[in-house]
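First comes the structure, then the notes that go with it.
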Amino acid sequence: AQSVTQLDSQVPVFEEAPVELRCNYSSSVSVYLFWYVQYPNQGLQLLLKYLSGSTLVKGINGFEAEFNKSQTSFHLRKPSVHISDTAEYFCAVTVNAGNNRKLIWGLGTSLAVNP
Amino acid sequence: GAVVSQHPSRVICKSGTSVKIECRSLDFQATTMFWYRQFPKKSLMLMATSNEGSKATYEQGVEKDKFLINHASLTLSTLTVTSAHPEDSSFYICSARDSRLAGGGGNEQFFGPGTRLTVL
């Protein structure tokens, strides 16, 4: 069965520092990968996605992620974070199988940016 | 594009009453809609998947008679929490997808802003 592991439940970081939020998945078939952000008391917003093509994907708010098939990873990075990046970040994977293709979710990483 | 709305954004009800939450795709046709539940500080839990014009497929452990899902059109799905109890209080999120899109596009889900349900 497919699964998604977000290796860090909480990541504290200082403002303007770089950050990497790690995501690994397990799947033997081709996958599509997503990172979502959830600000407090709000819904989910898509940060970026990998569907095909270049393995380096750039998203909104200066975030980027790299799909590494050999390591089955899709780590999220930002070179310099802001206080406003404080939020919950979710990695999700879907496999191309069947009509009811479901997203498999990681448990989330809470990013806390401190001044 | 690809906007999904939910209504209401917040609802408070008494125990034993039923509550209906609407999920609409505003600028695309949603062949498939998903309903999630999210507990505080937790990830999303998929409750059910619905395809337009078909009965919803519920995840294991989700009571279909308690959480009624209707997906009667390509732009609207509803979730009705029947005889709500305090333990049903949660953040409910819907998402929508047009599964007819080729390749990866057919896999991308677009999320609504969520509905906060509080049962007293």
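Among residues belonging to the range B:27-61 that are of a type in the set (Phe, Trp, Tyr) and part of a strand (DSSP E or B), point out the one that is nearest to B:Glu108 (Cα to Cα).
B:Phe34
Does the range A:8-19 contain any residue that is surrounded by fewer than 17 Cβ atoms within 10 Å (Cβ to Cβ), under 27 Å from B:Val4 (Cα atoms) and of a type outside the set (S, T, N, Q)?
no
Select from the range A:42-61 the residues that are within 20 Å of B:Ser5 (Cα to Cα) and open to solvent by 60 Å² or more (accessible area, probe 1.4 Å) and write down the one among them that is modelled with the lowest pLDDT.
Filtering first and then ranking leaves A:Gln42.
Among the residues of the range B:104-112, is there at least one that is of a type in the set (D, E, K, R), surrounded by 15 or more Cβ atoms within 10 Å (Cβ to Cβ) and more than 8 Å from chain A (Cβ to nearest Cβ)?
Scanning the range B:104-112 turns up no residue that is of a type in the set (D, E, K, R), surrounded by 15 or more Cβ atoms within 10 Å (Cβ to Cβ) and more than 8 Å from chain A (Cβ to nearest Cβ).
Scanning for something more than 10 Å from every other protein chain (Cβ to nearest Cβ), of a type in the set (S, T, N, Q) and part of a strand (DSSP E or B), does the range A:86-109 turn up at least one residue?
Yes, because at least one residue in the range A:86-109 is more than 10 Å from every other protein chain (Cβ to nearest Cβ), of a type in the set (S, T, N, Q) and part of a strand (DSSP E or B).
Yes/no matrix, rows are residues, columns are (1) open to solvent by 30 Å² or more (accessible area, probe 1.4 Å); (2) under 12 Å from the mean Cα position of the chain (by Cα); (3) free of Cβ contacts under 8 Å to residues at least 12 places away in the same chain:
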position: B:Ser5; (1), (2), (3): yes, yes, no
position: B:Val19; (1), (2), (3): no, no, no
position: B:Thr49; (1), (2), (3): no, yes, no
position: B:Ser73; (1), (2), (3): yes, no, no
position: B:His85; (1), (2), (3): yes, no, no
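Tally up the residues in the range A:77-103 that are open to solvent by 50 Å² or more (accessible area, probe 1.4 Å), charged (D, E, K, R) and at pLDDT below 85, please.
The qualifying residues number 1.
Of everything in the range A:22-50, what is in contact (Cβ under 8 Å) with a residue 12 or more places away in the chain and not in a strand (DSSP E or B)? Give them in sequence order.
Those that are in contact (Cβ under 8 Å) with a residue 12 or more places away in the chain and not in a strand (DSSP E or B): A:Arg22, A:Ser27, A:Val29, A:Ser30, A:Tyr39, A:Pro40.
Checking B:Thr118 against (1) in contact with a Gly (Cβ under 9 Å, 6 or more places away or on another chain); (2) not in a loop (DSSP other than H, G, I, E, B), only one condition comes out false. Which one?
(1)
Can you find even one residue in the range B:110-118 that is among the aliphatic types (A, V, I, L, M) and in contact with a helix residue (DSSP H, G or I) (Cβ under 9 Å, 6 or more places away or on another chain)?
Within the range B:110-118, one or more residues are among the aliphatic types (A, V, I, L, M) and in contact with a helix residue (DSSP H, G or I) (Cβ under 9 Å, 6 or more places away or on another chain).
Is one or more of the residues making up the range B:52-66 in contact (Cβ under 8 Å) with a residue 24 or more places away in the chain and surrounded by 16 or more Cβ atoms within 10 Å (Cβ to Cβ)?
The answer is no, given that none of the residues of the range B:52-66 is in contact (Cβ under 8 Å) with a residue 24 or more places away in the chain and surrounded by 16 or more Cβ atoms within 10 Å (Cβ to Cβ).
Does A:Glu66 meet the test of being touching a Leu at 6+ places or on another chain (Cβ under 8 Å), assigned to a strand (DSSP E or B) and more than 14 Å from chain B (Cβ to nearest Cβ)?
Here the answer is yes, as A:Glu66 does meet what is asked.
Could you look through the range A:26-41, keep only residues that are farther than 30 Å from B:Arg10 by Cα and open to solvent by 20 Å² or more (accessible area, probe 1.4 Å), and pick out the one that is nearest to the chain's Cα centre (by Cα)?
A:Tyr32
Scanning for something part of a strand (DSSP E or B) and in contact with a helix residue (DSSP H, G or I) (Cβ under 7 Å, 6 or more places away or on another chain), does the range A:6-21 turn up at least one residue?
Looking through the range A:6-21, none of the residues is part of a strand (DSSP E or B) and in contact with a helix residue (DSSP H, G or I) (Cβ under 7 Å, 6 or more places away or on another chain).
The values are calculated or read from the model by the stated rules, or taken from the named source; none is laboratory data. In this text the structure is predicted, and so the values were computed from the model without any measurement. Virtual Cβ from ideal backbone geometry, glycine too; neighbours counted across all protein chains shown. Please note that ligands, DNA and RNA were not included when accessible areas were found on the heavy atoms of the full protein model with its side chains. Shrake-Rupley method; radii C 1.70, N 1.55, O 1.52, S 1.80 Å.
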